[in-house]
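Worksheet: one structure, shown below.
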Amino acid sequence: MNNQYFVERLEDIPGTEVALSMSGMDFMLKILNGELPLANIARGLNFKLSSVEKGIVSFTGAPTLDHFNPMGMIHGGWYGTLLDSAMACAVQTLAPRGTLVTTLEYKINIIRPISLNTQIEAKGTSDHVGRSTGVARGSITGIEDGKLYATGSTTCIIMQF
């Protein structure tokens, strides 16, 4: 993680023109290197972009008290957002210049609860990226304990402009 930052004003969001001007890999590397901002949702959910490779993206983070549901467990939306981010960004790394990637649908399986402040890695791996769709899978594992906490799969739409 190199100098990742968040935007403080709506007008500072790079937007589609910036994304369309470069390959998905270049876009993701610019975020990793702090040349473009990380999505602000990462601040609220306490995660950061940790690695970008061709077809593989990882985020690291830990749930805080803000992410608990009323039953005393981490909300499923926390798992879902981290997996959606990792899987869609993995597809993004294989998208050519002039395209935008967005999630069409995703599914997650929560295998076990994550404890407060447990450091995890959410990793997305592309299985297929074509002209109009991309498919990826993901996992959330504990950094210290190596346990598998959740898995996921996604289909992304690739829009050409």
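The values are calculated or read from the model by the stated rules, or taken from the named source; none is laboratory data. This is a predicted model, so every value here is computed, not measured. Here Cβ is always computed from backbone atoms with ideal geometry, including for glycine, and neighbour counts include all displayed protein chains.
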Options V57, V52, V7; residue that is β-branched (V, I, T) and more than 23 Å from E144 (Cα to Cα): V7
Evaluation of S58 against (1) touching an Asp or Glu at 6+ places or on another chain (Cβ under 8 Å); (2) loosely packed, with under 14 Cβ neighbours inside 10 Å (one fails), failing number: (2)
Test: residue in segment 24-39 that is part of a loop (DSSP other than H, G, I, E, B), touching a residue at least 60 places away in the same chain (Cβ under 8 Å) and surrounded by 14 or more Cβ atoms within 10 Å (Cβ to Cβ): no
Single condition I41 does not satisfy, out of (1) within 25 Å of T133 (Cβ to Cβ); (2) in contact with a Pro (Cβ under 7 Å, 6 or more places away or on another chain); (3) β-branched (V, I, T): (2)
Count of segment 3-38 residues which are in contact with a Gly (Cβ under 8 Å, 6 or more places away or on another chain) and more than 26 Å from R131 (Cβ to Cβ): 3
Among (1) farther than 19 Å from Y5 by Cα; (2) at pLDDT 95 or above - the single one E35 does not satisfy: (1)
In segment 7-23, the residues that are outside any helix (DSSP H, G or I) and modelled with pLDDT of 95 or more: S21, M22, S23
The one condition in (1) under 19 Å from A122 (Cβ atoms); (2) surrounded by 20 or more Cβ atoms within 10 Å (Cβ to Cβ) that A19 fails to fulfil: (1)
Segment 152-161, residues that are at pLDDT 95 or above and in contact with a helix residue (DSSP H, G or I) (Cβ under 8 Å, 6 or more places away or on another chain): G152, S153, T154, C156, I158
